[in-house]
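Structure, as structure tokens:
The values are calculated or read from the model by the stated rules, or taken from the named source; none is laboratory data. Quick caveat, the model's predicted, so the values are computed rather than measured. Reconstructed Cβ throughout: ideal geometry from the backbone, glycine too, with neighbour counts over all protein chains shown.
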Amino acid sequence: MREGMATKHKTDVLPPTNRDLLQETVVAHLATARPDGALQSNPVWFEWDGTHIKISQTKARQKMRNVRHDPHVALSLVDPENPYRYLEVRGVVDKVEDDADRAFIDHLSERYLHQRPYPNHQPGDERVVVYIRPTDSSAMAA
């Protein structure tokens, strides 16, 4: 393989050189499995707290139906400056909490100001915070 070409990682171990994407302000894509087995992906804003990846999601969306059906998800992050530099994190949904006061989505809206694509965040939507635990937590450490 030529130097500088991307390498696709098929395991749950995160490539150490791309782990810093978890701290960047990049739009991620969350993939879930629908009950019929088909994959569904949509853009999400996320935050990494060191143990969980937290995203804001509309409470009634099909994505929540998918998570109840199968809690295994994959989050893909691509560096907007270099599309060959990306990170895919496979994980399990640990918990889902209401965001009735919209504090979490408001925090994310400030963080991701002017980012595209825009995840669905209508002003009147009921929101939840989804906590995703990477399946290989040892790889997430430092």
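Could you tell me how many of the residues in the range 100-121 are assigned to a loop (DSSP other than H, G, I, E, B) and at pLDDT 70 or above?
So the count comes out to 8.
Residue by residue through the range 80-91, note down the ones that are touching a strand residue (DSSP E or B) at 6+ places or on another chain (Cβ under 9 Å) and free of Cβ contacts under 8 Å to residues at least 60 places away in the same chain.
91
Only residues in the range 113-142 that are of a type in the set (D, E, K, R) count as the first member; pair them with residues that are exposed (fewer than 15 other Cβ atoms within 10 Å of the Cβ) and at pLDDT 65 or above, Cβ under 6 angstrom, at least 6 apart or cross-chain, and list the lot.
From the range 113-142, the pairs are 126/59; 133/92; 133/94.
So, of the residues in the range 122-142 that are among the small types (Gly, Ala, Ser) and part of a loop (DSSP other than H, G, I, E, B), which turns out to be modelled with the highest pLDDT?
124
Please name all residue pairs, on different chains or six or more residues apart, with Cβ atoms under 9 Å, provided the first residue is in the range 28-43 and is closer than 16 Å to residue 56 by Cβ and the second residue is outside any strand (DSSP E or B) and among the β-branched types (Val, Ile, Thr).
So the pair list comes out as 32/67; 43/27.
Which members of the range 26-68 meet the condition of being more than 18 Å from residue 127 (Cα to Cα) and more than 12 Å from the chain's Cα centre (by Cα)?
33, 34, 35, 36, 37, 38, 39, 40, 49, 50, 51
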